[in-house]
Amino acid sequence: MTSLSATIRETKTRGEINSLRAKGFIPCIIYGGAEKNQKIYINKKIIKNLINSENFLSNKMSLEINGKEEKVLPREISFDPVTDEPLHIDFLRIVKGMSIILEIPVKFINNDKSPGLKKGGVLNIVRRKVELRCPTENIPTELIVDLENTEIGTSIKISSIELPTNVVPTIQGRDFVVATVAAPTVVVEPEKPTEEAGTEGEEAIGEGED
């Protein structure tokens, strides 16, 4: 679990918030559970690399706020439409016993151990993320798909992916496909004209001129 330091903020006006951003901080809010919403700010340099990671919105965090630990989950990020810099982050307070729906990224491993891919097959990724219902205390950061021993024609379905305890797909009633190892696409080139055909054409032109 990622640990970060945060500070309670008392900003009330847009000018105060903009001043905070100018100093290199991101204003945030923590919500959820029985406690009141908590306004905080975090150093942008510390969290920016995390924001750029694919699993940021499914990565549980521990925030140390004025000596108190708060376990949270990032839920939404606002970005500047011009600079694309993060402007604000919403964190959901993690409460034991609560469930949440998240999109979890899929990670493929052992590509080099797939006979199908070695033969020229192509990994066709149908779902780069899978929507899951997870207990807040048991959220996976990613789903691992092992491609070892997969052949051309292999379909990797959700049932073949190991999920943590009490974590289930939101799609129920069908064993949906996450990826396939497809046969390579063969492009057939058109036949080139032979030299004889070219010569006959030249002779025909010559005869017409006489």
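Read-outs: derived from the displayed coordinates by stated rules, not from any lab. It should be emphasised that the depicted structure is a prediction, and the values quoted were computed from it without experimental measurement. Glycine gets a Cβ as well: all are built from the backbone with ideal geometry, and neighbour counts include every protein chain shown.
Only Cα pairs under 8 Å and at least 6 apart count here; give the relative contact order of segment 2-93 as a rounded whole percent.
About 32 percent, as a whole number.
Once every DSSP H run of n ≥ 4 in the chain is given -39500 (n - 2.57) and the sum is divided by its residues, what mean residue ellipticity at 222 nm do you get, rounded to the nearest 500 deg cm²/dmol?
-5000 deg cm²/dmol, from helical runs alone.
With unit charges on the beta carbons (Lys and Arg positive, Asp and Glu negative) and the dipole taken about the Cα centre of the chain, which residue among 190, 95, 158 sits farthest to the positive side?
Among 190, 95, 158, the one farthest towards the positive end of the dipole of the chain is 95.
Taking the Cβ-Cβ separation of residue 112 and residue 159 as r and a Förster radius of 35 Å, what is the calculated FRET efficiency to the nearest 0.05?
According to the calculation, E is roughly 0.90.
Taking the alpha-carbon distance from residue 39 and a cut-off under 16 Å, which lysines remain once sequence neighbours fewer than 8 residues away in the same chain are dropped?
By straight Cα distance, residue 39 reaches 12, 68, 71.
What residues have an amide H closer than 5 Å to that of residue 40, excluding those fewer than 5 places away on the same chain, when H is modeled at 1.01 Å from N in the peptide plane?
9, 28, 29, 30
Could you grab the relative contact order for segment 99-182? Cα pairs under 8 Å, six or more apart, rounded to a whole percent.
This gives 41 percent for segment 99-182.
Whole Å is fine, so just give me how far the alpha carbon centre of segment 152-183 lies from that of segment 73-149.
Cα centroid to Cα centroid, the span is 14 Å.
Under 22 Å between alpha carbons, and skipping anything fewer than 8 positions from residue 118 in its own chain: which lysines qualify?
Result set, ordered by chain and number: 107, 157.
What full-extension length gain, to one decimal in nm, is calculated for residue 149 and residue 31 as 0.36 nm per residue of separation minus the Cα-Cα distance?
The span from residue 149 to residue 31 would gain 37.9 nm if fully extended.
Work out how far the C-alpha atoms of segment 99-182 reach from end to end along every principal axis, then list the three figures in whole Å, largest first.
If we take the Cα atoms of segment 99-182, the spans are 43, 23, 17 Å.
Taking other Cβ within 10 Å of each residue's Cβ, how do 178, 72 sort, fewest first?
178, 72
Please work out the ratio of the alpha-carbon Rg of segment 2-93 to 2.2 N^0.38 Å and round it to two decimals.
1.02
Considering the chain, what Rg and Dmax in Å follow from its alpha-carbon atoms?
According to the Cα coordinates of the chain, Rg and Dmax are 27.9, 103 Å.
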